[in-house]
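One structure is given here, and the rest of the page talks about it.
The values are calculated or read from the model by the stated rules, or taken from the named source; none is laboratory data. Everything numeric here is computed off the predicted structure, so don't read it as measured data. We place every Cβ from the backbone using ideal geometry, glycine too, and count neighbours over all the protein chains shown. Only protein heavy atoms, including side chains, enter the accessible area calculation; ligands, DNA and RNA are left aside. Shrake-Rupley method; radii C 1.70, N 1.55, O 1.52, S 1.80 Å.
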Amino acid sequence: MKWLIVLAVVSFAAGAKIKCMVGTKETECADGITKCSGPLFKEYTGIVDAKVTYACNKCAGETKGKTCEECTGSATAACNKAKEVGVDFSCYKYSYNDTAKAFAAAANATVCKRLKATAISCNMPKVNATKTTYTSTSGCGNCTKSDTHCETCTKDKCNKKSSAIRVAVLLAPLLAVFFNLL
Ligand SMILES: *[C@@H]1O[C@H](CO)[C@@H](O)[C@H](O)[C@H]1NC(C)=O
Ligand SMILES: *[C@@H]1O[C@H](CO)[C@@H](O)[C@H](O)[C@H]1NC(C)=O
Ligand SMILES: *[C@@H]1O[C@H](CO)[C@@H](O)[C@H](O)[C@H]1NC(C)=O
Ligand SMILES: *[C@@H]1O[C@H](CO)[C@@H](O)[C@H](O)[C@H]1NC(C)=O
């Protein structure tokens, strides 16, 4: 009797239809479908292609890992639910000026996207960085391991050294001298 129940449960599980989000609705998929898919979220960039939909079955064509991601389906809950995101933040993008042979920050900051548990991170070129030692194209997120002249900071719009700070840095020793003279 016990074995019959186990067999029954196993065969039920094997034949059970999975659920996936289809658009914004949790939906039972057709027989034989084992995967759900949805738009790929890239840390700091956000959803790569908003045209990719939440659906039953695998990613279309060659889109897996590029604009789409898959998960293994379950009969109890959709595995492709929209991910919870954190509050957007901004960072400054840097471009290399071939004349000045140096990086310059953009006038305006760029919006960076993140998942709920991801901390704010902006990156910027260190002194003497070149196009090969600093390769970030957005200023959002961590430095890559191979970028030797890259540093990060962890506040909104923190990756631009303001002239106020530079003045303060220059003035500090002068002030120290001044107060020592008193
Ligand atoms: C690049 O640097 C040169 C020299 O400092 C400057 O005159 C020029 O405006 C800069 N170009 C850009 C695109 O910012
Ligand atoms: C920066 O933002 C200001 C104000 O929103 C806008 O007028 C200006 O065109 C922007 N500059 C660039 C380079 O995008
Ligand atoms: C940057 O380059 C200049 C000129 O080559 C050099 O004198 C200076 O030490 C370098 N600074 C750093 C922090 O590497
Ligand atoms: C960025 O770097 C920080 C500090 O090393 C690390 O804690 C964090 O997990 C990194 N974030 C991502 C998304 O890799």
Legend entry - Filter result for Ala78 (in a loop (DSSP other than H, G, I, E, B), under 18 Å from Asn159 (Cα atoms) and open to solvent by less than 50 Å² (accessible area, probe 1.4 Å)): no
Legend entry - Filtered residue count, the stretch 35-59, keeping only those that are touching a strand residue (DSSP E or B) at 6+ places or on another chain (Cβ under 7 Å) and assigned to a loop (DSSP other than H, G, I, E, B): 11
Inset, instruction - Sort through Thr99, Thr72 and tell me the only one that's open to solvent by 70 Å² or more (accessible area, probe 1.4 Å) and within 16 Å of ligand 1 (Cβ to nearest atom). - result: Thr99
Inset, instruction - Would you check which residues across the stretch 111-129 are open to solvent by less than 50 Å² (accessible area, probe 1.4 Å) and either part of a strand (DSSP E or B) or within 16 Å of ligand 1 (Cβ to nearest atom) (or both) and list them? - result: Cys112, Leu115, Cys122, Asn123, Met124, Pro125, Ala129
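Table: residues versus (1) farther than 29 Å from Cys143 by Cα; (2) more than 16 Å from ligand 4 (Cβ to nearest atom).
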site: Thr27; (1), (2): yes, yes
site: Gly46; (1), (2): no, no
site: Lys64; (1), (2): no, yes
site: Thr76; (1), (2): yes, yes
site: Val85; (1), (2): no, no
Inset, instruction - Keeping to the stretch 81-96, report how many residues are open to solvent by 40 Å² or more (accessible area, probe 1.4 Å), without any contact (Cβ under 8 Å) to a residue 40 or more places away in the chain and assigned to a loop (DSSP other than H, G, I, E, B). - result: 3
Inset, instruction - State yes or no: is Ser95 within 16 Å of ligand 2 (Cβ to nearest atom) and more than 22 Å from Arg114 (Cβ to Cβ)? - result: yes
Inset, instruction - Would you be able to tell me the number of residues in the stretch 88-133 that are away from ligand 3 (no atom under 16 Å from the Cβ), among the charged types (D, E, K, R) and farther than 22 Å from Gly46 by Cβ? - result: 1
Legend entry - Residues of the stretch 130-164 satisfying the condition of being assigned to a strand (DSSP E or B), without any contact (Cβ under 8 Å) to a residue 60 or more places away in the chain and hydrophobic (A, V, I, L, M, F, W, C): Cys150, Cys153
